[in-house]
Structures are given as structure tokens and as C-alpha cells.
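Have a look at the structure below, then the notes.
The values are calculated or read from the model by the stated rules, or taken from the named source; none is laboratory data. Small disclaimer: the values here were computed from a predicted structure and weren't measured. Positions of Cβ are backbone-derived with ideal geometry, glycine not excepted, and every protein chain shown enters the neighbour counts.
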Amino acid sequence: MNAIYILWLRQLKRYFRSKSRVLGSLGQPLLFLITFGFGFGSTFQKAGEGNYLQFLAPGIIAMSVLFSAIFFGIEVIFDKQFGFLKETLVAPVSRVSIMVGRTLGGATVATLQGVVVLLISYAFGFRMQNIYLLPLALLFMFLMALLFTGLGTAIASKMDDMHGFQLIMNFLVMPLFFLSGSLFPIQGLPPALKIVTSLNPLTYGIDGLRGSLIGISQLSFYFDLLIVGLLTTIVLVIGSYLFSRIQL
């Protein structure tokens, strides 16, 4: 447990030491929030769907969590190339503990970014329907962060090229984001797209987050929590196995 705490704290210090990285990670969510929220707001309202910013904000919060979490895996490749990972792996602690500590650190950072985007959304007019459901919203953020940090770490464990990792992540992240109901309601989609969105793990995270923030969801909280929690557990187990087999 002590090793996990130390690695968790190290990941937090490494991230917040870089002010440009903190600010840069908020640029894309802010851009999406402004351009989509105000650009399509009138169209969304004319279609009888209400305030688009209210609908959009949970999706942008989830986007911030997703992007920050999954790209945390690149630090594994960075540490491989510069020898930092070797120094960590030779320590008298299990590799599973190392992976868990790093993943918790990345997930914590991603969750904090989601909270910052939530506060920014408030500045643009977004309002929660029930403030007492905020802990549930934070739980969904953290589970999504754990899921995608674990996924990024698992993929990075089998790679040595940072540029290749970025290409794979871009190929994976954009479909996950756009086919999750983050920008538009998923009801009324063609059958093929409905199947794709139902297979997308981010769909359930966003549905639960949107339900806890604005009271609008397609599924129940319990089902969303079950799916996201189950997938997070599976990814962490696979990620721990792949990380434990890293060859230096």
C-alpha cells in the first residue's frame, strides 16, 4: 500500500509540475464547449430538445476525462525510453502495485480535470439539477478515468514508440468520443449506429454522468455503474498482467 501511495503521489506531482500541460489539457474541452454549446444551441432548442449547453456539458466533461486518462499511457513509453521505468521495476515491490499506483495517479488527475471543466461549464451557464447527486457524478468520472487510464497503460505496455502510441490512441479515442452520445442524443439513431454506441464503454459512463448532473439518462444508474465498474475491473486486470510482463 505504501508503494501504491508513493507512485500515486509521484504521478500527481509530475503532472502539476508542468503548468503548460495543465492549461493545454483544458483547451480542447473549452473549445468544444463554446463552439458546440453556443453554435448549435439554437438549433437544438428549435428541435424541441431544450438547452443544448445543459445536454452538452456532461459529454465535454467526459471528453476531458477520456483524453487525459487514456493518453497517460504515453508516460509508460517515455519512462521505458529514458530508463525511469527500469529504476521503478527493480524496486522490491510487485509490478502490480506499480501499475495500480500509476493508474490511480493518472485517474486522479483525469478526474480533477473533469471537475475543472465542470466548474468552467458553470461559468457558461450550465447548472446541475440536483447538487446532492454530485458524489455520484464524481464516482462516474473516477470510474471512467480508471477505465481509460488502465486501457492506455495496457496498450503502452506492449509498445516502445511514442508516435505509434499517439496514432493508435487518436484512432481509438475519436470514435469512442463521437459514438458515445456525448454530442447528440442516441435515441433515433440508425440500427447500425445504435449497436456501435451500445458496445462503446464511454456511452454508459456519459449516460450515468448526464443522469447524475442533469437528470436525463437512457438507462438506470445501477446498470451504468454495473457496466462501467465491470469493464474497469476487466481492463485493470488485463493491464496489470501486461504491465507485469514488460521486458526492459
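Restricting the search to helices (runs of 4 or more DSSP H) fully inside the range 155-248 and requiring at least 3 residues that are closer than 23 Å to Gly105 by Cα gives 162-178, 201-214, 221-244. Here Tyr241 clears all of (1) within 18 Å of the chain's Cα centre (by Cα); (2) surrounded by fewer than 18 Cβ atoms within 10 Å (Cβ to Cβ) except the condition numbered (1). Screening the candidates Ala192, Ala156 for the property of being farther than 15 Å from Ala62 by Cα, at pLDDT below 90 and crowded, with 19+ Cβ neighbours inside 10 Å yields one hit, Ala156. Does any residue of the range 69-76 turn out to be touching a helix residue (DSSP H, G or I) at 6+ places or on another chain (Cβ under 9 Å), modelled with pLDDT of 70 or more and small (Gly, Ala, Ser)? Checked against the condition, which is being touching a helix residue (DSSP H, G or I) at 6+ places or on another chain (Cβ under 9 Å), modelled with pLDDT of 70 or more and small (Gly, Ala, Ser), the range 69-76 yields at least one hit.
Each row is one residue, and each column tells you yes or no for (1) of a type outside the set (Gly, Ala, Ser); (2) at pLDDT 80 or above; (3) more than 19 Å from Leu104 (Cβ to Cβ).
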| position | (1), (2), (3) |
| --- | --- |
| Gly37 | no, no, yes |
| Ser42 | no, no, yes |
| Glu49 | yes, no, yes |
| Leu53 | yes, yes, yes |
| Ala57 | no, yes, yes |
| Phe67 | yes, yes, no |
| Thr88 | yes, no, no |
| Ala91 | no, no, no |
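Within the range 63-83, if we keep just the residues that are in a helix (DSSP H, G or I) and more than 20 Å from the chain's Cα centre (by Cα), the residue that is surrounded by the fewest Cβ atoms within 10 Å (Cβ to Cβ) turns out to be Phe82. Tell me yes or no: at least one residue of the range 168-189 is surrounded by fewer than 14 Cβ atoms within 10 Å (Cβ to Cβ), modelled with pLDDT under 85 and either within 17 Å of the chain's Cα centre (by Cα) or β-branched (Val, Ile, Thr) (or both). Checked the range 168-189: at least one residue is surrounded by fewer than 14 Cβ atoms within 10 Å (Cβ to Cβ), modelled with pLDDT under 85 and either within 17 Å of the chain's Cα centre (by Cα) or β-branched (Val, Ile, Thr) (or both).
Inside the range 212-248, can you point out the residues that are under 24 Å from Gln129 (Cα atoms) and touching a residue at least 40 places away in the same chain (Cβ under 8 Å)? Result: Ser212, Leu213, Ile214, Gly215, Ile216, Phe221, Asp224, Leu225, Val228. The requirement of being closer than 15 Å to Val76 by Cβ, in a helix (DSSP H, G or I) and touching a residue at least 40 places away in the same chain (Cβ under 8 Å) is not satisfied by Ala145.
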